[in-house]
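Following: one structure in C-alpha cells, then a few remarks.
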Amino acid sequence: VTRGRLDRLRLTDFLRSVREEGRPLLVLSPSAIERYLGCPYTWFVQSRLAPSTLDEQFGPREEGSFVHAVFAAFYEALADVGCGRVGERPWAEDERLLGEVFHAQVQREKQKEPGNGRYVAVSSAEGLHLRRLYRLMANSLRRQARFAPGFKVAGNEVAINVEDGVDYAGVRLRGCADRFDVNEEAGRFMVIDYKGSVESGYNVATKKGDDEPVLPEHPQALMYAQALRERMGALHCAGALYLGYRAKKDKDMVNGVVDGAVLDDEAFISKSNRASLSFDALLDAVEALVAEGIAGLAEGRIPQQPRWKGACTYCPVPDCERRLS
C-alpha cells in the first residue's frame, strides 16, 4: 500500500456522476472542488474515507453551520417585514429580530440527533462562547448595514441541484450559496459567503506585468458567481465576496474580488480586492484554472500535494510527510 495511490480501486466508480451527451460527468460541490485544489489527498481522506471522532464537537465547523442558519433566518425574517438590508429601520428592531432567530436556532440545535453536527453548549464555558458569538454576529450586522448600500439581500441558502444542469470546469455542480445581493438600479448582483475570518487567501492575485489571474486559495465564491450568472438573467456579477463575522474592524470584514467600476468607493474594499480585468472575463479565467486543477480527479489521482499552507490546517492525516502546517 502506498499513500496517495489507489492501485486496486477505480475512484471514479465511487463518485456520483450523471451522463451528459453519452459521457459521464462527475458531480461535485464547490467546497469539494476547493478542497481537492488545496490537496487531493486531504480531499480523499476527508470526503471519501470520512473519518469521524468518537465525541461530538463544539468547534469551528459546527459554529459555522449555526451562524449560516442564523443569518439566513434573520434575512428571511427581515424580508418578511419588507426590508432588504439592515439599517432600513431602527437598529433596536433589527437587534431584537436577531435575538429571536438566534435563540430559536439554539433550540433547534437541541432537537437534533447526536452526531449530526449539532451546536449545543453543554458547559458553562461553551455557554459563554455562545453568548459571545451572539455579540459578534450583532456587531457584524451593524457593519453590514454600512456595506454596499446600493445592494439588498435577494437570496439566502440558494441551492444548486444536480437537476439544474449547471456544469462548471467539466463537472456537474451541486451545492448551496450562502447569499446573493442585488442592486437593481445598477443591474448587478454579488455572491456572499460567510466565514469566521477572511484575513488571507481570498482575493485573486494577478501575475506581474499582465492581467492573467492566479487561482486563489479559496475560489468557492467565484464558482458560485459563475454558476448563478445564467439564473440572474440580465444582471451582471459585481463581486464574489467572503464576509468574516468575527471581524473586529471594518477593513477585516470583507475579502474576495469585486468589479471596481461598481464598488470603487466602497470603504470595506481594498485595492487588492478589485478585479484587474472585466468581471465576466475573470469568472471565465478562474473556471479555466479550476478545470486545469481538478483534471486529475476524473483520472482518480489523489497525490499528497498541498498547494498552500492552509490546505493542511484541518487535514486528518497528522503524519503526512508533505504537511505544511
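The values are calculated or read from the model by the stated rules, or taken from the named source; none is laboratory data. The model shown is predicted, which means the values in this text are computed figures rather than measured ones. When we count neighbours, we look across all protein chains shown, and the Cβ atoms used for this are built from the backbone with ideal geometry, even at glycine. We work out accessible area using only protein heavy atoms, side chains counted, and drop any ligands, DNA or RNA first. Shrake-Rupley method; radii C 1.70, N 1.55, O 1.52, S 1.80 Å.
Over the Cα atoms of the stretch 264-319, the radius of gyration divided by the Kirkwood radius equals 1.13; this is the Rg/Rh ratio. Here the 3J(HN,Hα) profile of the stretch 124-137, calculated from phi with Karplus coefficients 6.51, -1.76 and 1.60 at θ = phi - 60°, is 5, 5, 5, x, 5, 4, 5, 5, 5, 4, 4, 5, 4, 5 Hz, Gly and Pro shown as x. Divide by every residue of the chain the summed helix terms, -39500 (n - 2.57) for each DSSP H run of at least 4, and state the resulting mean residue ellipticity at 222 nm, rounded to the nearest 500 deg cm²/dmol. Helix contribution divided over all residues of the chain: -10000 deg cm²/dmol.
Dividing the Cα radius of gyration of the stretch 14-110 by its Kirkwood radius returns 1.15 for Rg/Rh. Starting from the Cα of ARG307, step 7 Å toward the Cβ, then list every residue of the stretch 164-178 with an amide N under 19 Å from that point. Correct set: 168-174. Candidate cross-link partners of LYS112 among the aspartates and glutamates, defined by an alpha-carbon separation under 15 Å and a same-chain spacing of 8 or more, comprise GLU56, GLU62, GLU63. Of all the options ASN161, ASN116, ASN255, the one that moves most in a Gaussian network model of the chain with Cα springs shorter than 10 angstrom is ASN116. With q set to 0.23, 0.26 Å⁻¹, the log10 of I(q)/I(0) for the stretch 96-167, from the Debye formula over equal scatterers at the Cα positions, is -1.10, -1.20. Estimated at 0.36 nm per residue, the fully extended path between GLU20 and ALA205 surpasses their Cα-Cα distance by 63.2 nm. Take the Cα of ARG231, go 7 Å toward its beta carbon, and the backbone nitrogen atoms of the stretch 41-74 under 16 Å from that spot belong to 72. The residues of the stretch 107-225 expose on average 49 square angstrom of accessible surface per residue, using a 1.4 Å probe on protein heavy atoms.
Label positions at LEU49 and ASP164, each projected 7 Å from the Cα along the C-beta direction, are separated by 3.3 nm.
Peptide packing: for 83-94, 8-19, 167-178, the average count of neighbouring Cβ atoms within 10 Å per residue gives the ranking 167-178, 83-94, 8-19, highest mean first. Quick check on my link table: of LYS110/LYS251; LYS152/LYS309; LYS271/LYS309; LYS195/LYS271; LYS110/LYS309; LYS110/LYS249, which ones sit more than 31 Å apart, alpha carbon to alpha carbon? As for pairs spanning more than 31 Å Cα to Cα, those are LYS110/LYS251; LYS152/LYS309; LYS110/LYS309; LYS110/LYS249. Compared with the direct C-alpha span, the chain from TYR134 to SER276 gains 47.4 nm at full extension, assuming 0.36 nm per residue.
Kirkwood radius and radius of gyration were both taken over the C-alpha atoms of the chain, and their ratio Rg/Rh is 0.96. State the percentage of accessible surface on the stretch 195-275 attributable to carbon and sulfur atoms; use a 1.4 Å probe and exclude ligands, DNA and RNA. Roughly 46 percent of what the probe reaches on the stretch 195-275 is carbon or sulfur. Modelled label positions at THR2 and VAL81, each set 7 Å beyond Cα in the direction of Cβ, lie 6.3 nm from each other. If you run the Gaussian network model on the chain, springs between alpha carbon atoms under 10 Å, then out of LYS195, LYS152, LYS309 the most flexible one is LYS309.
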